[in-house]
Amino acid sequence: MRRLRIAVAALFVLSLATFITYNIVDRITQDHTPPVITCTEDTVSVSVADEDSLLLQGMTAEDNRDGDLTDSIRVSSMSNFTEPGKRTVNYVVFDKANQAATYTRTLQYTDYTSPEIMLSAPLRYSLEDMAEVNLTENMSVEDCLDGDIRQQIRAAYSDSSYIVGAGDYPVQVQVSNSAGDTCSVALTVTVTDPTDPLEREKYYPVLSQYIAYTGVGQALDLNSFVIGLERNGTEYLFAEDGDMLPGGLESVVVSGTVDYQTAGCYTVDYQFTTADGVTASTKLAVVVR
């Protein structure tokens, strides 16, 4: 019995010694110190075109065992804009022991421009075609960060409008880029009645574009957008087909108020009336930013 106690005690002492030795060796051999990222500037200013090549400028990383890890620094995430053209960038680097170091700084674009929805044709459709209409088919967006994002444009009728007949219906279109910058424009869908005998007599003003953008305090020459008239689906341009038209630019009446001192979306109406008194109108959305 005494020998058994001695054997058990010896085994305990041996196990304890082994455990202590393992922990001492582990503390000595294992890397428990994470790397460190340092940076010469907490705000980096870059052109949109140079973003990929300059995001890491001024940054270095050092590890107590692995040495220089600067080439291993990666961008882990970027926030949405915190203010126009400015966002937060998060960086990370790992050492061979898979320990991480992180760093956060501000990215400021020097030439950022917000996305703009462009519209190349009026939102005017016959009532009989409304079931198959794609409101965004003539819209485009070329974003300076993401390129072509027209597939992300969304359109929705305002106030849950339901098309019940000819008339004007408000619609809201918007698109956002990867930085969370949103372009939103209030437009008007004009629905025509194919059974209206006067519809074939109407001359609709043709515009060079149907959404225009400007900055606060910068007025637009609204007359400059009118380039011709359209009748029964055929466009006639003043510069090329003026002698075929019942009137020129001077016959187009422009109405609607744009407050260039206040950011917002405004509607401008262009009307042309024939000698027989038939009036047709086309709308331009003016976005003041």
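None of the figures in this text is laboratory data; all of them are computed from the coordinates on show. Keep in mind it's a predicted model, so treat the numbers as computed, not measured.
Kirkwood hydrodynamic radius computed over the range 198-269 comes to 13.7 Å, based on all pairs of distinct alpha carbons. Less than 5 angstrom separates the built amide H of Gly256 from those of Asp269, all sequence-distant by 5 or more or on a different chain. Cross-link reach is defined here as a Cα-Cα straight distance under 25 Å, omitting same-chain residues fewer than 8 places apart; for Lys202 the lysines meeting it are Lys283.
Here the Karplus relation 6.51 cos²θ - 1.76 cosθ + 1.60, evaluated at θ = phi - 60°, turns the backbone of the range 181-193 into coupling constants of 7, 10, 9, 10, 10, 8, 10, 10, 8, 9, 9, 9, 9 Hz, with x for every Gly and Pro. Couplings 3J(HN,Hα) for the range 98-112, derived from phi with the Karplus relation 6.51 cos²θ - 1.76 cosθ + 1.60 (θ = phi - 60°), are 6, 8, 10, 10, 10, 8, 10, 8, 9, 10, 10, 7, 8, 9, 6 Hz, where x marks Gly and Pro.
Treat the range 112-188 as a sphere of radius equal to its Kirkwood radius over Cα pairs and apply Stokes-Einstein at 37 °C in a medium of 0.692 mPa s; give the translational diffusion coefficient in µm²/s, rounded to a whole number. Could you put the intermediate results ahead of the total?
Working: Rh = 13.4 Å.
My calculation gives 244 µm²/s for D.
Given q = 0.08, 0.09, 0.17 Å⁻¹, what are the Debye log10 I(q)/I(0) values for the chain, with equal point scatterers placed on the Cα positions and solvent ignored? Debye curve over Cα of the chain, log10 I(q)/I(0) at q = 0.08, 0.09, 0.17 Å⁻¹: -0.57, -0.65, -1.32. Across all C-alpha atoms in the range 103-148, the radius of gyration and Dmax reach 17.6, 59 Å.
Given an 8 Å cut-off on Cα distances and at least 6 residues of separation, report the relative contact order of the range 170-289 as a percent. Averaging sequence separation for qualifying contacts and normalising by length gives 27 percent for the range 170-289. Centroid-to-centroid, using Cα positions, the range 114-172 and the range 224-261 are 22 Å apart.
Over the residues of the chain, the helix contribution to mean residue ellipticity at 222 nm works out to -4000 deg cm²/dmol, using -39500 (n - 2.57) for each DSSP H run of at least 4. Near Tyr210, the amide H atoms lying under 5 Å from its own belong to Leu119; only residues 5 or more places off or on other chains count, and H is placed 1.01 Å from N.
For the Cα trace of the range 122-249, dividing Rg by the Kirkwood Rh returns an Rg/Rh value of 1.00.
Working from the Cα coordinates of the range 152-212, the gyration tensor eigenvalues give, after taking √(5λ), semi-axes of 29, 16, 7 Å in decreasing order.
Anyone know which of Asn223, Asn177, Asn98 comes out most mobile in the 10 Å Cα GNM of the chain? Residue with maximal mean-square fluctuation among Asn223, Asn177, Asn98: Asn98. Three semi-axes describe the equivalent ellipsoid of the range 39-160; taken as square roots of 5 times the Cα gyration tensor eigenvalues and ordered largest first, they are 45, 15, 12 Å.
As a length-normalised measure over Cα pairs under 8 Å and 6 or more apart, the relative contact order of the range 135-208 settles at 22 percent. Here's how it looks for Val189: its modeled amide H is under 5 Å from those of Tyr169, Val171, which are all 5 or more places away or on a different chain. Rounded to the nearest whole Hz, the Karplus-based 3J(HN,Hα) values (6.51 cos²θ - 1.76 cosθ + 1.60, θ = phi - 60°) of the range 48-58 follow the sequence 4, 5, 9, 4, 4, 7, 10, 4, 9, 5, x, with x at glycine and proline.
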